[in-house]
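For reference, the structure is listed below as structure tokens.
The values are calculated or read from the model by the stated rules, or taken from the named source; none is laboratory data. These numbers come from a predicted model, not from an experiment. Cβ atoms come from the backbone with ideal geometry, glycine included; neighbour counts cover every protein chain shown. Remember, those area values only see protein heavy atoms, side chains included, never the ligands or the DNA or RNA. Shrake-Rupley method; radii C 1.70, N 1.55, O 1.52, S 1.80 Å.
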Amino acid sequence: MLSDGTARAADLARIESEITAEVEEAMRFATDSPWPDPATVLDHVYSDGVGA
Amino acid sequence: MMRELTFTAAAREGLSEEMARDPAVFVMGEGIGERGGNWATTLGLYETYGPWRLRDTPISERGFTGLCTGAALVGGRPIVDFMFLDFLLDAMGEIINQTSKMQYMSAGRLTMPLVFRGSIGVGFASATHHSGNYYPMLARVPGLRVVVPATARDAKGLLKTAIRSDDPVFFLEHKAVLNLKGPVPEDEYLVPFGEAAVVREGIDVSVVAVALMVHRTLAVAAALEREGVSVEVIDLRSIAPLDIETILTSVHKTGRLLIVDEDYAPFGVGAEIAAQVMARAFDDLDAPVARLNGAFAPVPYSPPLEAAMQPDTARIERAIRDVLAE
């Protein structure tokens, strides 16, 4: 992609750092969140709609 | 007098009504476009709804099941028509590992409004690759719903409920009931999931049956009535969710229970019902819960062998007499 001009090195670096930041933010959110309530183990196996 | 339709015509009317009501509903499968479906499931609909909504596919079950799973996640309401349910086996990885799990994995952010339909059942020398039932296997997958109507009325009402459900639903059509006619209301109606039907009331023994076995059990019950034996017949209609309450109410009255199911006995519908009845109605039982099932073998092609493996009226009658003699 770099050799045929489809992308520039600076663009790829920016994309990489954006993705890294997003993943790190998701990691932080996950580790900072409390563990789920065991009482919710059966939630969302099925929808709440017709036939539920 | 109410009009009568075949099972297939009633289901097709339900499909057409839902396609007219909701432009997100579409069908994919082999031969379901201009040809109208191997079982006439879509006959005549192509002219109204066209090739985009009646989408013929190559022989690629896993591919079009995956495609429809994706479509269901982003607003479509696909119906996968497997023709013979046996062909679902080629899509099993997709169905169990993706379709059935997405709502749970997304904590309910995603829904999966997807209907799978296909013919099931023994009895037409269709041989082993075209005669399977599979509903116990499907009913034990969390996230899937499984309905097996036996009558025209229930075929239409349950298919409409299946199309409107946000869950993946298997709508299974026994080959031997497709051409049976029955009364179908003119006005719109739905048949809810998880409600068995007491199709004949009786006091001596309860018989729970599925699909074709409902009709055979009703014939036996009518014959036994002439000698004073009163058989209550329950059409299960919905395998998952299972309506155990209707069965418990019946067993409370009769004290005896037989489950007639042409599918295999081991780990099957009868085993599940028996376990639940034992747990909740042990004191109501005057006899052990009994099962009558198809033989535990791949379905043979040879008609005499095939007939030998499926419960017929003689075997159903003997099984009812055995339960009464306990």
TODO: Go through the stretch B:193-209 and give me each residue that's more than 14 Å from chain A (Cβ to nearest Cβ) and not small (Gly, Ala, Ser).
DONE: B:VAL198, B:VAL199, B:ARG200, B:GLU201, B:ILE203, B:ASP204, B:VAL205, B:VAL207, B:VAL208
- [ ] Determine whether the stretch B:212-234 contains at least one residue that is assigned to a loop (DSSP other than H, G, I, E, B) and under 29 Å from B:PHE124 (Cα atoms).
- [x] no
- [ ] Go through the stretch B:79-138 and count every residue that is open to solvent by 10 Å² or more (accessible area, probe 1.4 Å), of a type in the set (A, V, I, L, M, F, W, C) and in a helix (DSSP H, G or I).
- [x] 7
- [ ] Determine, yes or no, whether B:TYR46 is open to solvent by 50 Å² or more (accessible area, probe 1.4 Å), in contact with a Gly (Cβ under 8 Å, 6 or more places away or on another chain), under 20 Å from B:MET137 (Cβ atoms) and of a type outside the set (Asp, Glu).
- [x] no
Open item on the list: Looking only at the stretch B:257-302, count every residue that is in contact with a Pro (Cβ under 7 Å, 6 or more places away or on another chain) and either among the small types (Gly, Ala, Ser) or part of a loop (DSSP other than H, G, I, E, B) (or both) and tell me the total.
Closed with: 4
Task: Count of the stretch B:235-256 residues which are in a loop (DSSP other than H, G, I, E, B), without any contact (Cβ under 8 Å) to a residue 60 or more places away in the chain and within 15 Å of B:VAL323 (Cβ to Cβ) - done: 1
- [ ] Could you figure out which of (1) within 14 Å of chain A (Cβ to nearest Cβ); (2) at positive phi; (3) in contact with a strand residue (DSSP E or B) (Cβ under 8 Å, 6 or more places away or on another chain); (4) not basic (Lys, Arg) isn't true of B:GLY121?
- [x] (1)
Task: Residue list for the stretch B:258-268, filter: closer than 23 Å to B:GLY202 by Cα and either without any contact (Cβ under 8 Å) to a residue 60 or more places away in the chain or open to solvent by 10 Å² or more (accessible area, probe 1.4 Å) (or both) - done: B:ILE259, B:VAL260, B:ASP261, B:GLU262
Task: Restricting the stretch A:30-49 to residues that are more than 10 Å from chain B (Cβ to nearest Cβ) and not in a loop (DSSP other than H, G, I, E, B), the residue that is farthest from the chain's Cα centre (by Cα) - done: A:ALA39
- [ ] May I ask you to verify whether B:PRO142 is within 11 Å of chain A (Cβ to nearest Cβ) and open to solvent by 40 Å² or more (accessible area, probe 1.4 Å)?
- [x] yes
Open item on the list: Checking the condition within 21 Å of B:ASP167 (Cβ to Cβ) and part of a helix (DSSP H, G or I), which residue from B:GLY75, B:GLY63, B:GLY70 passes?
Closed with: B:GLY70
- [ ] Within the stretch A:19-27, identify whether any single residue is away from chain B (no Cβ under 14 Å), outside any helix (DSSP H, G or I) and open to solvent by 80 Å² or more (accessible area, probe 1.4 Å), and answer yes or no.
- [x] no
Open item on the list: Being more than 10 Å from every other protein chain (Cβ to nearest Cβ), part of a loop (DSSP other than H, G, I, E, B) and aliphatic (A, V, I, L, M) is the requirement here; does B:ALA150 meet it?
Closed with: yes
